[in-house]
1. Just to be sure, is Val16 closer than 22 Å to Thr265 by Cα, within 14 Å of the ligand (Cβ to nearest atom) and either β-branched (Val, Ile, Thr) or in a strand (DSSP E or B) (or both)?
2. Only one residue in Ser153, Ser187, Ser132, Ser169 is within 12 Å of the ligand (Cβ to nearest atom) and of a type in the set (S, T, N, Q), so which one is that?
3. So which residues in region 156-188 are out of contact with any helix residue (DSSP H, G or I) (no Cβ under 7 Å at 6 or more places or on another chain), assigned to a loop (DSSP other than H, G, I, E, B) and among the aliphatic types (A, V, I, L, M), if there are any at all?
4. Of all residues in region 138-150, which are over 25 Å from His97 (Cα atoms), within 12 Å of the ligand (Cβ to nearest atom) and part of a loop (DSSP other than H, G, I, E, B)?
5. Under 9 Å by Cβ, and 6 or more places apart or on different chains, what pairs join a residue from region 212-225 that is at negative phi with one that is aromatic (Phe, Trp, Tyr) and part of a loop (DSSP other than H, G, I, E, B)?
6. Does Leu3 qualify as being buried (at least 17 other Cβ atoms within 10 Å of the Cβ) and within 11 Å of the ligand (Cβ to nearest atom)?
7. Looking for whichever is crowded, with 18+ Cβ neighbours inside 10 Å and over 28 Å from Pro111 (Cα atoms) here; the options are Ala263, Ala241, Ala279. Which one fits?
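The values are calculated or read from the model by the stated rules, or taken from the named source; none is laboratory data. Worth saying up front: this structure is predicted, and the values here are computed from it rather than measured. All Cβ positions, glycine included, derive from the backbone under ideal geometry; neighbour counts span all protein chains shown.
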Amino acid sequence: MILVTGATGHVGRAVVSRLVSSGQEVAALVRKPEAAQKRLPREAALRVGDYEDASALKAAFAGIDRLVLISSDGAADTVTRHHANAIAAAAAAGVHHITFTSIIDIGETSPFYYAPAYRNAERRLAACGVPSTILRCGLYSDFILDTWLAPASGELALPAGQGLVAPVSRGDVAAAVAAAAAGADTSRALYTITGDRPLGFDEIAACYSEATAQPLHYRSCALGDYLASASARLDEPWPQAFSSLCASIAEGRYASTSSDFTALTGKPPESFRDFLVRAVFGVLTKG
Ligand SMILES: NC(=O)c1ccc[n+]([C@@H]2O[C@H](COP(=O)([O-])OP(=O)(O)OC[C@H]3O[C@@H](n4cnc5c(N)ncnc54)[C@H](OP(=O)(O)O)[C@@H]3O)[C@@H](O)[C@H]2O)c1
């Protein structure tokens, strides 16, 4: 049986659906079973647990062969603790394999707010005694759209310089995760999941203009200016997280692409342009 955490979220729900459709026996880790039942395929068994509750996680992971650990979100110290609890519980419960969604930029010198949290999780995975497969995922196309492109004010001002990113949709991340978790070969330790083409934010803005017929222009701004404007709109940690992400992009840390998505799924990733057209025509899974 494969257990998926974050199963009520965008990526987790899509992983559960894909695994159920491919005939796998699937369990879903949820916090509120009644609400979760309505959102997940009825074939998925529900296991209840919170990342904060180590003993509940261990009980929830009993009898599970493979764990899909969808990364947690929020303040970096909370995320670090959640991943640590889940990895320790998996080892204590005798899980045979863990698939984990990490991030591309975990470099020691990275400015990105979350880089230390993900370095920590990857180190714990390497040391926990359970074989694991890590998917280092690029920026989600959905994240870029929701956080930076909509609602469009006509100007996209980010402290990302001329840095490039190769966006990948949450749907494609879920496809890659499901393929890695269900695959016969769980010996490969690391995949990098990106879109197929690196884009500058000027190209991203142009794609948005084309898909929506709303003009949008990119302007590279100073980090301090972005931080001040984000802090006026958003609670911590988001101003810090988003500005340091832009700093990482400006340093070229998100520019590379990988063919691992195609190797795992047998198809090319969805282009950012096609993703936007799908989003604009309202056929993306919401909520
Ligand atoms: N690469 C990128 O661009 C990017 C961007 C944003 C996020 N991410 C990462 O990708 C992950 C998946 O994205 P997503 O869009 O699927 O996220 P999402 O829709 O927000 O889903 C988060 C999931 O985590 C669960 N969860 C939250 N706190 C929990 C806790 N304390 N114990 C147990 N479960 C908990 C939620 O359960 P409930 O339904 O009970 O709340 C939900 O199922 C995120 O968590 C984040 O780490 C990556």
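1. Numbers: closer than 22 Å to Thr265 by Cα: yes; within 14 Å of the ligand (Cβ to nearest atom): yes; either β-branched (Val, Ile, Thr) or in a strand (DSSP E or B) (or both): yes.
When the stated conditions are applied, Val16 passes them.
2. Working: Ser153 fails: within 12 Å of the ligand (Cβ to nearest atom); Ser187 fails: within 12 Å of the ligand (Cβ to nearest atom); Ser132 fails: within 12 Å of the ligand (Cβ to nearest atom).
On inspection, the qualifying residue turns out to be Ser169.
3. Ala166, Ala184
4. Leu139
5. No pair meets every condition.
6. Details: buried (at least 17 other Cβ atoms within 10 Å of the Cβ): yes; within 11 Å of the ligand (Cβ to nearest atom): no.
The answer is no for Leu3.
7. Working: Ala263 fails: crowded, with 18+ Cβ neighbours inside 10 Å; Ala241 fails: over 28 Å from Pro111 (Cα atoms).
After ruling out the rest, the residue left standing is Ala279.
Yes/no matrix, rows are residues, columns are (1) surrounded by fewer than 21 Cβ atoms within 10 Å (Cβ to Cβ); (2) on the phi < 0 side of the Ramachandran plot; (3) among the β-branched types (Val, Ile, Thr):
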site: Gly63; (1), (2), (3): yes, no, no
site: Ile70; (1), (2), (3): no, yes, yes
site: Thr80; (1), (2), (3): yes, yes, yes
site: Asn85; (1), (2), (3): no, yes, no
site: Ile106; (1), (2), (3): no, yes, yes
site: Ser110; (1), (2), (3): no, yes, no
site: Tyr114; (1), (2), (3): no, yes, no
site: Asn120; (1), (2), (3): yes, yes, no
